[in-house]
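**Q** Please see the structure below; I have some questions.
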Amino acid sequence: MDRVNIDGTWYVKEDTIVKNNIELDPTHYEGYTVENSDFCFDATIIFKDDGTPYDGLTIELTDKRFKDRLDWKVEHWDNNTWLRGILNNNTDSWKDLPDMGKQENTTLLLAFLQFLKDKEWL
């Protein structure tokens, strides 16, 4: 017997309850993060089911130059041609780069882009 009636209420045995079958299709990714007190750069690359990476990466930029954490601004950069242009000092790419404030922030970005290029992510 899979269920029982007690005082007019039907109960089902725990081992007979059907669990929701949820089919997961998780995405595998890897990432690198660098940050200072002003910015956080988080680069990720997504992998196909066969384990090979998709072409290109995404960088999530968090601008932390605001007193309240709720005011931090987040952008996603996924134009790898533009990112390579920044690294290669292309003036068209540089004009679209948001204001980084201090030179050390720009230096951090350039060092990170070079690191990603050396890893053959960019």
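**Q** Could you tell me how many of the residues in region 66-112 are surrounded by fewer than 16 Cβ atoms within 10 Å (Cβ to Cβ) and part of a loop (DSSP other than H, G, I, E, B)?
**A** Residues that pass the stated criteria total 15.
**Q** Something else now. Are there any pairs, at least 6 apart or on different chains, whose C-beta atoms fall under 6 Å, with the first in region 34-62 and of a type in the set (A, V, I, L, M, F, W, C) and the second surrounded by 16 or more Cβ atoms within 10 Å (Cβ to Cβ) and in a loop (DSSP other than H, G, I, E, B), and if so, which?
**A** ALA43/LEU57; ILE45/LEU57; ILE45/TRP121; LEU57/TRP121
**Q** Tell me, please, whether a residue that is surrounded by 15 or more Cβ atoms within 10 Å (Cβ to Cβ), assigned to a loop (DSSP other than H, G, I, E, B), in contact with a Phe, Trp or Tyr (Cβ under 8 Å, 6 or more places away or on another chain) and at pLDDT 95 or above can be found in region 32-55.
**A** No, region 32-55 contains no residue that is surrounded by 15 or more Cβ atoms within 10 Å (Cβ to Cβ), assigned to a loop (DSSP other than H, G, I, E, B), in contact with a Phe, Trp or Tyr (Cβ under 8 Å, 6 or more places away or on another chain) and at pLDDT 95 or above.
**Q** Test LEU122 against the criterion of being under 16 Å from the mean Cα position of the chain (by Cα) and hydrophobic (A, V, I, L, M, F, W, C), and give yes or no.
**A** Answer is yes for this residue.
The values are calculated or read from the model by the stated rules, or taken from the named source; none is laboratory data. Keep in mind that this is a model prediction, so the values were computed, not measured. Using ideal geometry, Cβ is built from the backbone for each residue, glycine included, and neighbour counts are taken over all protein chains shown.
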